[in-house]
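The values are calculated or read from the model by the stated rules, or taken from the named source; none is laboratory data. Please read all numbers here as calculations on a predicted model, not as lab measurements. Note that we place each Cβ from the backbone using ideal geometry, even for glycine, and neighbour counts take in every protein chain shown. Areas reflect the complete protein model, heavy atoms only, side chains present, ligands, DNA and RNA absent. Shrake-Rupley method; radii C 1.70, N 1.55, O 1.52, S 1.80 Å.
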Amino acid sequence: MSELRETKGEKFFNIIEKNAVSILFLIICAVGIAFSGYSLGYLGQEIITRVARNSFLIISLLIPIMAGMGLNFGMTLGAMAGQIGLIFISDWGIAGIPGMVLAMIISTPISALLGWLCGKILNMAKGREMVTSYIIGFFINGIYQLIVLYGMGPVIPIKDPALVLPRGYGIRNTVNLIGIRRALDDVLAIRVFGLSVPLMTFIVIALLCLFMVWFKKSKLGQDMRAVGQDMEVARAAGIRVEHTRIVSIVISTILAGYGMIIYLQNMGTLNTYNSHMQIGMFSIAALLVGGASVNRASIGNVFLGVTLFHLMFIVSPMAGKNLIGQAQLGEFFRVFVSYGVITLALVLYEIRKRRSRTRAGRLLAQDQLDAIKEEQ
Amino acid sequence: MENKRALLKRRIIQLAVIVLVILLGAVMFVVGKEHTILLDNKSIESGGVTYNAFQVVEVQVDGRDKLELGPRDRDKEVVMGQRHKVTVTYFDKYYEEHVVVKKFKVPISQKMVLISLPAVAAELDQSVWLTNYEAPTLLNIPKDEEPIVSDDLIPLDF
Amino acid sequence: MTKIRKFMKSFGWPRIIIGLFLLSLFIIAPFVGVNLGTSLSDTLIRFGMNSVLVLAMVPMIHSGCGLNFGLPLGIIAGLLGGTLSIQFGFTGGLSFLMAIILATPFGLLFGWGYGSLLNRVKGGEMMIATYVGFSSVAFMCMMWLILPYNHPTMIWGYAGSGLRTTISTEGFYLHTLNNFLQIQIGEKLIIPTGMILFFALMAFLVWAFLHTKTGTAMTAVGSNPVFARASGINIDRTRTLSVMMSTWLGAIGILVYQQSFGFIQLYMGPFYMALPAVSAILIGGASVNKASITNVVIGTLFFQGILTMTPSVMNSIIHTDMSEVIRIVVSNGMILYALTRKSEVSR
């Protein structure tokens, strides 16, 4: 009856606001590139490497967003599972693609169990999933350390002295993943315009994207979107809300585990006690930079985000050095920007949520007014 | 009843998938297992006969680069999987070239095997030239830890 | 019997488990050669160091802003106060007083900004608070490098600018409170009276405030916003006030911590300081929207007691220091427990 009462100015403002984070980042990157003095070839190569390395992990975040559970800070759980798989294959001396596949097979049940646990807990904390999943990450990190730092060695048999600390139990701080280093990247590495492109990794990522597209249209995907829209309505429609939410977290965790394995085969070194904690923050920041929000994210956001975020990441130390004479300042700057971006995105999301609520109220009031007028 | 049968069918499929995945894991284990092959050009005694080390010998594992070994030299190749081929090229005392190609299978449990080249060249039994090798414990002391390669962002060590 | 059951229920099983665990540690301690006197005084000193930081949780929980994961913001105000006090050349006890005075405007200013932000994001406070804390720490990392501090004890010797990562408080406010009216019983048992008195003073101030008209309004906002609005309370202003108080208490808290610890930790130092304080108050029996001074006292004693006792006792029993892992599991487990409780106000 009454059309959206929105002026052109408001529309423009809305578009700007929806993409505020990406636009801000574009500006930062442009300035950074100009001042860093890096060649385009170097930047291109770095970006290709990092897109191949990180995309899988970031895509794993999409499903819980679809189910309305916000950013899954619990993806660190999957990363831990992936790392446990990698520790085992390193000990057994399984290398190459078979090693990666075996690591994925080992990680799957661990991820599924952790994801199920995470989903259960998140169902008890509806409405504050994000902060809860964030704390779950820390909590499970404690358990992970208990297992890896104290359990591995005599209790969980890990024999290779290159992995076990000299004291006889516990895994070393850094594990050299020489067996699977660049295993996937080098399968089909081609050169395009002088840049080396790990085609196989991109094919794997493309397959995952296809899976995501298919999943969105599947019955389960539709259910998840319904749950994400409104839990009560979904429940009334006969969808098992709790179950659907758990499944979304389980899938995300398993995918995060695979993503971590792909990430680490590129890095070639496992930081046993840090890698997983950093990766959650990285991935979430990158996704948000790509224009995603707490309740809306697409595959496009992933690629735009990973490109922009890592561009900023690469150029800022050098730009800091050239601008102010201190590379360290640039490093702190990129840390600040990573956290700032998440803060900004979360704040914008909450503000928008409130505004849309008040706007809906305003429209309703207008509607009623119109109705009264018509009656007269 | 119908429901029960569907459930049973589902359970069976689930079980089959799990078994398949475990099987895949086992295959990956066998295929991806790394073995270190030590290639040893050293005199060896077998059945009362001594087979002398070569003055110079070329050896090739699978399709890799050829390695040239002098007397008492030892080199190594790290290979994946069980089945491999070793090609030994040597000259006898009449300066005639001989090529011996042997296919072999490394037992899954052995991390390191030693291949005696003189024994291979003499075409002895596989059990003579292919033996398990336990590295002395001294070799097991790991090197210093490598510098950490990472995208360190923040000291996140709560 | 029902009385006991009622008490058990109100106390909550996690607290009982943690309490029993702590008690057993204290019982085992003498048998494995850990000196009880030292343990007790360590616990008390750590209680004094951390209690004000834990107290900083109370106002925000009262006004319904949830757990103050943004504590690092308050800590930064304290760091500014401490470093400025040294920069202006104050020494000894006076420098502590000046640090508090100098930290106050920053605490109030940051708190005001932080509070105004939280008012715009009602319902999502905790996650945003966490990230406000993180980003402010990261922002200050840059600032510590470029702010024009030039007191020789604080800046990098070779660069001639930029603050050090750790600055000793020796000669400034080291042990100002610790040594005040300190009581020594026997050889090992030391009671840091000054610190405990200071905490008591702060706790009394908060308690008294919560019983003023504004204070009760704050509690009303937290427990029943609809009722509060109906009775004409300005919700946003009350919430901002509570956040300002929390931030200011965080600033004071870190100064108390530093005077005992001996060092000002800049840069990434404050990064994870919120989590121990949050879990301490939860261990003391607080929930996401209810907290009292008693919760602060019990929680800090329990939490710091475990932190003090586990390393020494564990080390003597199994010759392994698993305390770090235990700390991570206990403190985060406690936060998880609190987050999953159904609270009266759903948010």
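Overview of values
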quantity: Cβ charges +1 (Lys, Arg) and -1 (Asp, Glu), total dipole of chain A, debye; calculated: 140
quantity: Coordinate range along principal axes, alpha carbons of region C:264-347, Å, largest first; calculated: 46, 33, 22
quantity: C/A buried area, accessible surface, summed, 1.4 Å probe, Å²; calculated: 3700
quantity: Heavy-atom accessible surface of the protein assembly as shown: percent carbon and sulfur, 1.4 Å; calculated: 64
quantity: Low-density loop positions, trypsin sites (Lys or Arg not before Pro), region B:85-128 - DSSP coil, at most 11 other Cβ in 10 Å; calculated: B:K93
quantity: For region A:2-367, with +1 on Lys and Arg beta carbons and -1 on Asp and Glu, the positive-most of A:G78, A:N295, A:L208 along the dipole; calculated: A:N295
quantity: Trypsin sites (Lys or Arg not before Pro), loop per DSSP, at most 14 other Cβ atoms within 10 Å - longest free stretch of chain A; calculated: A:6-158
quantity: Residues losing 50 Å² or more accessible surface upon assembly, region A:105-142, compared with the chain by itself, 1.4 Å; calculated: A:I105, A:M124, A:R128, A:V131, A:Y134, A:I135, A:F138, A:F139
quantity: Those chymotrypsin sites (Phe, Trp or Tyr not before Pro) in region C:73-114 that DSSP places in a loop and that have at most 16 other beta carbons within 10 Å; calculated: C:F88
quantity: Pairwise centroid distance, computed over Cα atoms, of region A:111-131 with region C:197-215, Å; calculated: 38
quantity: Summed side-chain charge close to C:L145 - residues other than C:L145 whose Cβ falls under 13 Å, Lys, Arg +1, Asp, Glu -1; calculated: +1
quantity: For region C:214-282: rounded, prolate or oblate by the Cα gyration tensor [a/c cutoff 1.5]; calculated: prolate
quantity: Kirkwood Rh and Cα Rg combined as Rg over Rh, evaluated for region B:34-132; calculated: 0.94
quantity: Max mean-square fluctuation residue, GNM over chain A, Cα-Cα springs under 10 Å, options A:L184, A:L304, A:L329; calculated: A:L329
quantity: Chain-alone versus full-assembly comparison, region A:316-349, residues with accessible loss of at least 20 Å² (1.4 Å probe); calculated: A:Q326, A:L329, A:F332, A:V335, A:F336, A:Y339, A:T343, A:L346, A:V347
quantity: Charge dipole magnitude, Cβ of K and R +1, D and E -1 - the protein assembly as shown, Cα centre, debye nearest 20; calculated: 3280
quantity: Residues in region A:242-277 that, when all protein chains are in place, have 40 Å² or more less accessible area than the chain alone would give (probe 1.4 Å); calculated: A:M267, A:T269, A:N271
quantity: Chain C: C-alpha gyration tensor shape, a/c 1.5 cut-off, then a/b vs b/c; calculated: oblate
quantity: Cα shape, the protein assembly as shown, gyration tensor, a/c 1.5 rule; calculated: prolate
quantity: Theoretical ellipticity at 222 nm over chain C - DSSP helices of four or more residues, -39500 (n - 2.57) apiece, nearest 500; calculated: -23000 deg cm²/dmol
quantity: Heavy-atom accessible area per residue - the protein assembly as shown, 1.4 Å, Å²; calculated: 45
quantity: Selected from B:V59, B:N132, B:S46, residue furthest toward positive end of dipole (region B:34-132; charges at beta carbon); calculated: B:N132
quantity: Whole-Å distance, taken between Cα centres, linking region C:238-295 and region C:66-128; calculated: 11
quantity: Of C:M218, C:M334, C:M322, the one that fluctuates the most in a GNM where chain C has Cα springs shorter than 10 Å; calculated: C:M322
quantity: Radius of gyration, Dmax [chain A; alpha carbons; angstrom]; calculated: 22.9, 89
quantity: Charge dipole of the protein assembly as shown about the Cα centre (unit charges at C-beta), most positive-ward option of A:G361, A:L165, A:M260; calculated: A:G361
quantity: Computed magnitude of the charge dipole of region B:34-132 (debye, nearest 20; Cβ of K, R +1, Cβ of D, E -1); calculated: 360
